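Here is the structure we will look at, set down as structure tokens.
The values are calculated or read from the model by the stated rules, or taken from the named source; none is laboratory data. Note that the coordinates shown come from a computational prediction; the quantities given were computed from them, not determined experimentally. When we count neighbours, we look across all protein chains shown, and the Cβ atoms used for this are built from the backbone with ideal geometry, even at glycine. The protein model used for the area step is the full one, side chains on, heavy atoms only, and it has no ligands, DNA or RNA in it. Shrake-Rupley method; radii C 1.70, N 1.55, O 1.52, S 1.80 Å.
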Amino acid sequence: MPSPRIVRRAGPDPGAHWPESIPPLLRRVYASRGAGTPELARPRLAELLPPDAMQGLDAATALLQQAIANDRHIVVVGDFDCDGATACATGVRGLRMLGARHVSHAVPNRMVHGYGLSPALVDELAALQPDLLLTVDHGIACHAGIEAARARGWQVVVTDHHLPGPRLPDADAIVNPNLPGDAFPSKALAGVGVVFYLLLALRQKLYGDHPDRPDQAAAIRASTPQAARPDLTALLDLVAVGTVADPVPLDANNRRLVSAGLRRLRAGHGCAGLQALIELCGRDARRLTAADIGFAIAPRLNAAGRLEDMAPGHRVPAQRRREPCA
Ligand SMILES: [Mn+2]
């Protein structure tokens, strides 16, 4: 057998736009891994795109603000894959952090209800007596389910990242960076990223000095137990896991979310469920990488929804109930 010949390939040219502090070898490594600019190679959370340009956030946050102020029952409707589950946990936790006192969640069972918010799932949700449904990681194609929910008098806020069809569902508000005409610069957010942005915008509305409604913002602040502006970066562990798990490109903005979430997990600041899962996978949390999420954590979360019911992945036994965590 002829001995193998080692061929040295040049790899992509890293270009000249790197700061002096990054050595040429590292530049080449970054470039050949698809992070060919300093921005991609060294993502900074401080440079996260602001939510402003995302369409539908005004309507969605106004409905949630009203629901929180009037103590309405908000049900976050998740999905049975890793992105949908982490989006669901992010939605529930985030809304509670922002002062919502009456938040539940629901996840369709793939075998019983099929995908997304279906009329069958709406029938079952009636027992919870929701006032507002918040769909995460799905909804843009759930015409019949949304119609059934609204026929019962519930408000429906859709957050999704899937490409919309020719007709949009008749929801009260739709947030999806992939809506036609949406000006948000990144189209690569996962479902969990979209709901995280909704929470950022809601926090801005409730706690930031929003010039159009200072009166309402003050009233909400007074009625919420937390006087301080909640720190939503506590949710970035979940955002990182959902973003890596979903087949969305890791563009500059997603890298900012993922690297900040990985930093939290490495520092031991992840939610209890994810920390337990990392341990169960036999991975070292202090050295956790996106590959650990992609090949060890996400498949375990996805498996629950594929084998049977995703809901136990969200549930914590009643005697030690705390916020659900995927
Ligand atoms: Mn997704």
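Details
- Label-point gap, in nm, between residue 183 and residue 300 - each point 7 angstrom along Cα→Cβ: 4.4 nm
- Where GluC sites (Glu not before Pro) in DSSP loops with at most 15 other Cβ within 10 Å are excluded, longest remaining stretch of the chain: 21-307
- Fraction of beta bridges assigned by DSSP in the chain that are antiparallel (%, nearest 5): 5 percent
- DSSP-assigned coil residues among trypsin sites (Lys or Arg not before Pro) in segment 1-105, each with at most 16 further Cβ atoms within 10 Å: 5, 8, 9, 33, 44, 101
- Close amide H contacts of residue 155 (hydrogens built in the peptide plane, cut-off under 5 Å, sequence separation of 5 or more or a different chain): 132, 133.
- Note on residue 281: accessible area is roughly 20 Å² with a 1.4 Å probe, heavy atoms of protein only.
- Fraction of accessible area attributable to carbon and sulfur, the chain (%, probe 1.4 Å): 53 percent
- Sites matching trypsin sites (Lys or Arg not before Pro) across segment 127-202 that sit in DSSP coil, with at most 10 neighbouring C-beta atoms within 10 Å: 167
- Straightening the chain between residue 170 and residue 280 buys 35.3 nm, computed as 0.36 nm per residue apart minus the Cα-Cα spacing.
- Residue-averaged [θ]222 nm for the chain, counting only DSSP H segments that reach four residues, each worth -39500 (n - 2.57): -12000 deg cm²/dmol
- In sequence order, calculated HN-Hα J values of segment 253-269 (Karplus, 6.51, -1.76, 1.60; Hz; x Gly/Pro): 5, 5, 5, 4, 5, 5, 5, 5, x, 4, 4, 5, 5, 5, 7, x, 9
- Ranked order, 163, 189 - accessible area, probe 1.4 Å, largest first: 163, 189
- Long-range amide H partners of residue 104 with built H, under 5 Å: 74, 75, 76
- ³J(HN,Hα), Karplus 6.51/-1.76/1.60, whole Hz, each residue of segment 69-82, x for Gly, Pro: 4, 9, 6, 6, 8, 9, 10, 8, 9, x, 9, 8, 10, 5
- Simple Cβ-charge dipole of segment 27-70, Lys/Arg +1 and Asp/Glu -1, about Cα centre, in debye nearest 20: 500 debye
- Solvent-accessible area per residue, Å², over the chain with all protein chains present [probe radius 1.4 Å]: 48 Å²
- Across the options 84, 138, 261, the greatest Cα extent toward the positive end of the charge dipole of the chain (unit charges at beta carbon of Lys, Arg, Asp, Glu) belongs to 261.
- Ranking 32, 115, 99 by Cα position along the charge dipole of segment 1-119, where only Lys, Arg, Asp and Glu carry charges on their C-beta atoms, puts 32 farthest toward the positive end.
- Size of electric dipole in segment 98-159: Cβ of Lys, Arg +1 and of Asp, Glu -1, about Cα centre, debye, nearest 20: 80 debye
- Extended-chain gain in nm, criterion 0.36 nm per residue less alpha-carbon gap, residue 287 and residue 39: 87.1 nm
- For the chain: relative contact order, % (alpha-carbon pairs under 8 angstrom, 6 or more apart): 21 percent
- Net charge dipole, segment 51-319: roughly 760 debye, given to the nearest 20, about the Cα centre with Cβ charges of +1 for Lys and Arg and -1 for Asp and Glu.
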